[in-house]
Amino acid sequence: MINFRRVSCINGTVPLLPSLMSAEELCSTCKFIEDGEERIVVGSLDLNQCLWLPDELTGKRPGVTESSHTRAYLSNVCVAKELQRCGLGYALVDKSKKLARQWGITDLYVHVAINNEAAQKLYIKSGFVYESEEPAQQARHLGRPRRLLLWLDMKNETL
């Protein structure tokens, strides 16, 4: 992919129990077999290390140059509604932090909707801090809720 150095999709899965097999709404592409056991994806996130990240994604931390390859961004973070607030989101973010450390990432960013308090609590619990807030005019123009940009200093993160 253009402008991407590395991308990893991290998934959380559970065994596909007989009670779930009859559910028609389960996406067939989310089901798979691992070691003979049927499983289903119930959460995921993408960790993106780009050749460059626009200011919208990275904020303006002092000392971070535009050509820095040590920054990454979390995106597409989701957990099945039935399993939210059970620690799966925290486990996914924790796994992404460990992978980011292996990649040599020093600064990790994520956007969160200003009205998504549960996600904000998850990221704060995971060590992220407030970086900036999207202007209301920009959010309106893009037809979405305003977002906060959160930052994690991986240099000071203990895993």
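The values are calculated or read from the model by the stated rules, or taken from the named source; none is laboratory data. Bear in mind that the values here come from a model prediction, so they are computed numbers and not experimental data. Cβ atoms come from the backbone with ideal geometry, glycine included; neighbour counts cover every protein chain shown. Note: accessible area is taken over every heavy atom of the protein model, side chains too, but ligands, DNA and RNA are not part of it. Shrake-Rupley method; radii C 1.70, N 1.55, O 1.52, S 1.80 Å.
Near residue 157: Cβ cut-off under 11 Å, other residues only, Lys/Arg at +1 and Asp/Glu at -1. The net charge is +1. Assign one of three labels to the stretch 107-159, namely rounded, prolate or oblate, based on the Cα gyration tensor with a ≥ b ≥ c the square roots of its eigenvalues; rounded applies when a/c is under 1.5, prolate when it is not and a/b is larger than b/c, and oblate otherwise. The shape class here is prolate.
Residue order by solvent-accessible surface for 107, 94 is 94, 107, largest first, with ligands and nucleic acids left out and a 1.4 Å probe.
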